[in-house]
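Undergrad: Structure provided below as structure tokens; questions to follow.
The values are calculated or read from the model by the stated rules, or taken from the named source; none is laboratory data. In this text the structure is predicted, and so the values were computed from the model without any measurement. Don't worry about glycine lacking a Cβ; one is built from the backbone with ideal geometry, like all the others, and counts go over all protein chains shown. When the accessible area is computed, the model is the full protein with side chains, heavy atoms only, and any ligands, DNA or RNA have been set aside. Shrake-Rupley method; radii C 1.70, N 1.55, O 1.52, S 1.80 Å.
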Amino acid sequence: MIKIDCHQHFWKYHPVKDSWITADMSKIQRDFLPQDLKPILQQNDIEGCVAVQADQSEDETLFLLDLAHNNDFIKGVVGWVDLCSPDIKSRLDFFSKYIKLKGFRHIVQAEPEDDFLLREDFCNGIAQLSEYNYTYDILIYPKHLPFVIEFVNKFPNQKFVIDHLAKPNFKSQDFSDWEKGMRELALNPNVYCKVSGLVTEADWKYWSENDFTYCLDLVTEIFETNRLMFGSDWPVSLLAATYKESFSIVENYFSKFSKEGQDQFWGESAIEFYKL
């Protein structure tokens, strides 16, 4: 069985650039680089990872690509490019020379407009991605799901993946709107889902594995294992758990699945989606 961590981050911490790392997140107010992650992956029998952008700049994309070039275990990069730019085609042409660049992400959850994904200029950028076989990671909260459904319906040939199960509210355990949106979203065969960032959305001090069962049951029903993939969200996940603790939640849950299902979840889905 090949295991891939399809969602983690690297950064050289800077208090201005990384202002999203607030005072209550002091545990991750430091550098996190490949030499920190590699032994952790080895301890958990994980062959490789996909590094995902945490800063919205092309410098971030080039930083991650440089790390991937120098570290074989980084199998792919999800970077950032200004998808709203009228110059998007030339920027994609520029980045197309980087084999390990697999797709892009925008931090939609931080945008002031809940319907940001439907902006004409943004959609123009998304429309260019399939020509280059680039994926797009969707980072949202449950409130964005009605707009996401309309958004993905515009692009039936674009490969999308929902980061962190669209961040259901594990603290309140109120999943009604989230479930309705996710069920409709999963009807699109070009949409995948990352089982990632679970503990980050839970109570950092008092979570339990049972907090996640309802949502895991739902996504395995509607996406099935061939459109689900494992991601740690390291090092953000360290706010609530060690890597092993986060890993164990999904390891315990998926241990009851068939060998085929486990193979798909742990590696095959990510390899197919990102062309690793």
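Undergrad: When residue 102 is evaluated against the numbered criteria (1) in contact with a helix residue (DSSP H, G or I) (Cβ under 7 Å, 6 or more places away or on another chain); (2) outside any helix (DSSP H, G or I); (3) farther than 27 Å from residue 39 by Cα, which criterion, by number, is the only one it fails?
TA: Among (1) in contact with a helix residue (DSSP H, G or I) (Cβ under 7 Å, 6 or more places away or on another chain); (2) outside any helix (DSSP H, G or I); (3) farther than 27 Å from residue 39 by Cα, the lone unmet condition for residue 102 is (3).
Undergrad: Ok, one more. Can you pull out every residue in the stretch 85-99 that is over 17 Å from residue 159 (Cβ atoms), surrounded by 16 or more Cβ atoms within 10 Å (Cβ to Cβ) and touching a helix residue (DSSP H, G or I) at 6+ places or on another chain (Cβ under 7 Å)?
TA: 88, 98
Undergrad: Being out of contact with any Ser or Thr (no Cβ under 8 Å at 6 or more places or on another chain), buried (at least 18 other Cβ atoms within 10 Å of the Cβ) and in a helix (DSSP H, G or I): is that true of residue 64 here?
TA: So residue 64 fits the description; yes.
Undergrad: All but one of (1) assigned to a loop (DSSP other than H, G, I, E, B); (2) within 20 Å of the chain's Cα centre (by Cα); (3) not hydroxyl-bearing (Ser, Thr, Tyr) hold for residue 109; which doesn't?
TA: All conditions pass for residue 109, except number (1).
Undergrad: Looking at residue 52, is it touching a residue at least 60 places away in the same chain (Cβ under 8 Å) and either out of contact with any Phe, Trp or Tyr (no Cβ under 8 Å at 6 or more places or on another chain) or at positive phi (or both)?
TA: The answer is yes for residue 52.
Undergrad: Filter the stretch 112-149 for residues that are in contact with a strand residue (DSSP E or B) (Cβ under 7 Å, 6 or more places away or on another chain) and assigned to a helix (DSSP H, G or I) and give the result.
TA: Answer for the stretch 112-149, where residues must be in contact with a strand residue (DSSP E or B) (Cβ under 7 Å, 6 or more places away or on another chain) and assigned to a helix (DSSP H, G or I): 126, 129, 148.
Undergrad: Now, a different point. Inside the stretch 23-55, can you point out the residues that are under 16 Å from residue 236 (Cβ atoms) and open to solvent by 60 Å² or more (accessible area, probe 1.4 Å)?
TA: Matches in the stretch 23-55: 23, 24, 26, 27, 29, 30, 31.
Undergrad: Restricting to the stretch 143-166, name every residue that is within 11 Å of the chain's Cα centre (by Cα) and of a type outside the set (Val, Ile, Thr).
TA: Listed by number, the residues that qualify are 160, 163, 164, 165, 166.
Undergrad: Can you spot a residue in the stretch 74-90 that is more than 30 Å from residue 43 (Cα to Cα) and free of Cβ contacts under 8 Å to residues at least 12 places away in the same chain?
TA: yes
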